[in-house]
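Novice: Here's a structure for you.
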Amino acid sequence: MTRLLRTVALIWHALHPAQGGAPQPVEPGGVRECEPADIRGGMGLYLDAAGELRLFIPNCRGLAAPVVLFRLKREGFSRCSVRMVEGGLLIQARR
């Protein structure tokens, strides 16, 4: 049940416009683990110095992938992918 609720939360936050926030620096090539609500400020907050985005959202189902891809494209990202990996969703994109 927790995975379903987290997936619905991710879909909900991905469908609403970004509300700004402070950048969250990420090590180059690193993957940042985040909660579904963390994307509300915009996915651009989690870029590394090379303009790469790598987020891991634990305990989410692949059902959210198309909505997350929509959000990434809407924010101007390219080379976007959302994959199911052990334990959750891995989101990758480039700006």
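Novice: Which of the residues belonging to segment 68-88 are closer than 18 Å to His16 by Cβ and in contact with a strand residue (DSSP E or B) (Cβ under 9 Å, 6 or more places away or on another chain)? Can you show your working first?
Specialist: Applying the first criterion (closer than 18 Å to His16 by Cβ) to segment 68-88 yields 68-77, 82.
Of everything in segment 68-88, those that are closer than 18 Å to His16 by Cβ and in contact with a strand residue (DSSP E or B) (Cβ under 9 Å, 6 or more places away or on another chain) turn out to be Val68, Leu69, Leu72, Lys73, Glu75, Phe77, Val82.
Novice: Go through segment 24-55 and count every residue that is small (Gly, Ala, Ser) and either in contact with a strand residue (DSSP E or B) (Cβ under 7 Å, 6 or more places away or on another chain) or assigned to a loop (DSSP other than H, G, I, E, B) (or both).
Specialist: Residues of segment 24-55 small (Gly, Ala, Ser): 29-30, 37, 41-42, 44, 49-51.
Adding the requirement that they be either in contact with a strand residue (DSSP E or B) (Cβ under 7 Å, 6 or more places away or on another chain) or assigned to a loop (DSSP other than H, G, I, E, B) (or both) leaves 29-30, 42, 49-51.
Going through segment 24-55 one residue at a time, the tally reaches 6.
Novice: Ok, one more. I need the full set of residues from segment 59-71 which are out of contact with any helix residue (DSSP H, G or I) (no Cβ under 8 Å at 6 or more places or on another chain) and modelled with pLDDT of 95 or more, in order please.
Specialist: Residues of segment 59-71 that are out of contact with any helix residue (DSSP H, G or I) (no Cβ under 8 Å at 6 or more places or on another chain), as a first pass: 62, 65-66, 69.
Result: Ala65, Pro66, Leu69.
Novice: It is to be established whether one or more residues within segment 15-23 are assigned to a helix (DSSP H, G or I) and surrounded by 12 or more Cβ atoms within 10 Å (Cβ to Cβ). Steps first, answer last, please.
Specialist: We begin by selecting, within segment 15-23, every residue assigned to a helix (DSSP H, G or I); these are none.
So far as segment 15-23 goes, no, none of its residues is assigned to a helix (DSSP H, G or I) and surrounded by 12 or more Cβ atoms within 10 Å (Cβ to Cβ).
Novice: What number of residues within segment 43-75 are more than 13 Å from Leu10 (Cα to Cα), small (Gly, Ala, Ser) and touching a residue at least 24 places away in the same chain (Cβ under 8 Å)?
Specialist: Residues flagged as more than 13 Å from Leu10 (Cα to Cα), small (Gly, Ala, Ser) and touching a residue at least 24 places away in the same chain (Cβ under 8 Å) within segment 43-75 amount to 2.
Novice: Filter segment 38-95 for residues that are of a type in the set (Lys, Arg) and surrounded by 15 or more Cβ atoms within 10 Å (Cβ to Cβ); which is farthest from Thr2 (Cα to Cα)? Give the derivation first.
Specialist: Going through segment 38-95, the residues of a type in the set (Lys, Arg) turn out to be 40, 54, 61, 71, 73-74, 79, 83, 94-95.
From what is left, the residues that are surrounded by 15 or more Cβ atoms within 10 Å (Cβ to Cβ) are 40, 54, 61, 71, 95.
On the way: Arg40: 20, Arg54: 23, Arg61: 10, Arg71: 23, Arg95: 32 Å.
Here the residue is Arg95.
Novice: Identify the single condition in (1) at negative phi; (2) modelled with pLDDT under 95 that Ile91 does not satisfy, given that it satisfies every other one.
Specialist: (2)
The values are calculated or read from the model by the stated rules, or taken from the named source; none is laboratory data. Note that the structure is predicted; figures quoted are calculated from it, not measured. Methodologically, a virtual Cβ is constructed for each residue, glycine included, from the backbone with ideal geometry; neighbour enumeration extends over all protein chains shown.
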